[in-house]
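S.K.: This structure is in structure tokens; I'll ask about it shortly.
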Amino acid sequence: MKKAFPFFASACLLAGSLFCNAQERGLAFGVKAGLSVSSFSGRIGNFNGFSTPWEAHQRYAPEIGLLARYRLHPVFALQAEVLYSLKGGAYRLKNNAVVTQTNQGFESAYFYKNYRVNYLELPLTAQLDVSRLLNPNADPRRLHVVLEAGAAPALATGSTLRENDYSIGSGVGLVNANENWTVTAMPYARPFQLMPLAGVLLGVDSGPFISVRYSQALANVYTISKLDGYWNMNTGMHTVTVSLGTRFNWEKLVQRL
């Protein structure tokens, strides 16, 4: 954890410098929010190896952040971001004693084990504007296809296990069942991660955009290999994130003000 703070302090100073020189450098700033789907690459938990009836599942969680893009060339740019992201992995087991009723009918209920790890991330990406590469005169007000690749240093800010059970009411035949959730601290998440990433973005130069990004943790999610009652705690993690956002050209914004 202590080794991670100097890096984040330096990154924050760099970000501050970029913001202060925005007019000189012609930077664009923006905001983004999205949905992350993350899962573990290995099986962990208090299961009996791979013969367990629990099946691997995903964690669906939000992501939100700010960004600053510096265009070095009409087809090439660098982008720095500050993100708060919720990641992790999950397992589920069908509960044959309980069903849930939806508009489509009855569906199986599940027991869930959601391993949740939250991060403060500072992604740095290089972006290639494919539309301008193919057509140097491409209108910046039209949709552009942009490829990106980079890495996201990440500082873990929280780690928990959220799981559920059911309490069945009394009676004969169909009876109501209450779903109860409990959260347990899992203070074993690796404090610092480095996550290589790649993605594609579709949007206008200064305006709304949508992006799809894949990232993967280089190191194990947890710092321990075993835990009381757990046969294994070694696992990596991969994530797919779909985001919506918008960018503002700083010079044009200042001129309007």
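S.K.: Which numbered condition trips up PRO53, out of (1) modelled with pLDDT of 90 or more; (2) out of contact with any helix residue (DSSP H, G or I) (no Cβ under 9 Å at 6 or more places or on another chain)?
M.R.: All conditions pass for PRO53, except number (1).
S.K.: Do you know which residues across the range 87-108 are crowded, with 19+ Cβ neighbours inside 10 Å and of a type in the set (A, V, I, L, M, F, W, C)?
M.R.: Matches in the range 87-108: ALA90 only.
S.K.: Looking at (1) free of Cβ contacts under 8 Å to residues at least 24 places away in the same chain; (2) closer than 30 Å to ARG247 by Cα; (3) assigned to a strand (DSSP E or B), which one does ALA138 not meet, given that it meets all the others?
M.R.: Here ALA138 meets the rest and fails (3).
S.K.: Taking the range 203-237 as the search range and keeping residues that are charged (D, E, K, R) and over 21 Å from the mean Cα position of the chain (by Cα), which one is surrounded by the fewest Cβ atoms within 10 Å (Cβ to Cβ)? Lay out the reasoning, then the answer.
M.R.: Filtering the range 203-237 down to residues charged (D, E, K, R) leaves 205, 213, 226, 228.
Next, from what is left, pick out any that are over 21 Å from the mean Cα position of the chain (by Cα): 205, 226, 228.
On the way: ASP205: 22, LYS226: 11, ASP228: 5.
Ranking the qualifying residues of the range 203-237, first place goes to ASP228.
S.K.: Here are some conditions: (1) in contact (Cβ under 8 Å) with a residue 60 or more places away in the chain; (2) surrounded by 15 or more Cβ atoms within 10 Å (Cβ to Cβ); (3) closer than 29 Å to GLY150 by Cβ. ALA177 meets all but one. Which one does it not meet?
M.R.: (3)
S.K.: Take the residues in the range 191-202 that are more than 14 Å from the chain's Cα centre (by Cα) and surrounded by fewer than 20 Cβ atoms within 10 Å (Cβ to Cβ); name whichever of them is nearest to GLY245 (Cα to Cα).
M.R.: Filtering first and then ranking leaves LEU202.
S.K.: Any idea which of (1) under 31 Å from the mean Cα position of the chain (by Cα); (2) under 27 Å from GLU55 (Cα atoms) is the one LEU128 doesn't satisfy?
M.R.: (2)
S.K.: Report whether or not VAL117 is under 18 Å from THR241 (Cβ atoms), surrounded by 14 or more Cβ atoms within 10 Å (Cβ to Cβ) and out of contact with any Asp or Glu (no Cβ under 6 Å at 6 or more places or on another chain).
M.R.: yes
S.K.: Exactly one condition in (1) in contact (Cβ under 8 Å) with a residue 12 or more places away in the chain; (2) out of contact with any Lys or Arg (no Cβ under 8 Å at 6 or more places or on another chain) is false for HIS73; which is it?
M.R.: (1)
So that you can scan it fast, the table gives a plain yes or no per residue for (1) of a type in the set (Gly, Ala, Ser); (2) outside any loop (DSSP other than H, G, I, E, B); (3) under 26 Å from PRO191 (Cα atoms):
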residue: ALA109; (1), (2), (3): yes, yes, no
residue: TYR112; (1), (2), (3): no, yes, yes
residue: ARG116; (1), (2), (3): no, yes, yes
residue: TYR119; (1), (2), (3): no, yes, yes
residue: THR125; (1), (2), (3): no, yes, yes
residue: ALA152; (1), (2), (3): yes, yes, yes
residue: THR160; (1), (2), (3): no, yes, yes
residue: ASN178; (1), (2), (3): no, yes, no
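S.K.: Counting only residues that are modelled with pLDDT under 90 and either touching a helix residue (DSSP H, G or I) at 6+ places or on another chain (Cβ under 8 Å) or outside any loop (DSSP other than H, G, I, E, B) (or both), how many does the range 200-252 have?
M.R.: 9
S.K.: Right, next: For the range 30-50, how many residues are modelled with pLDDT of 95 or more and farther than 20 Å from ALA189 by Cβ?
M.R.: Total meeting the criteria: 6.
The values are calculated or read from the model by the stated rules, or taken from the named source; none is laboratory data. This structure is a prediction, so every number in the text was calculated from the model and none was measured. Using ideal geometry, Cβ is built from the backbone for each residue, glycine included, and neighbour counts are taken over all protein chains shown.
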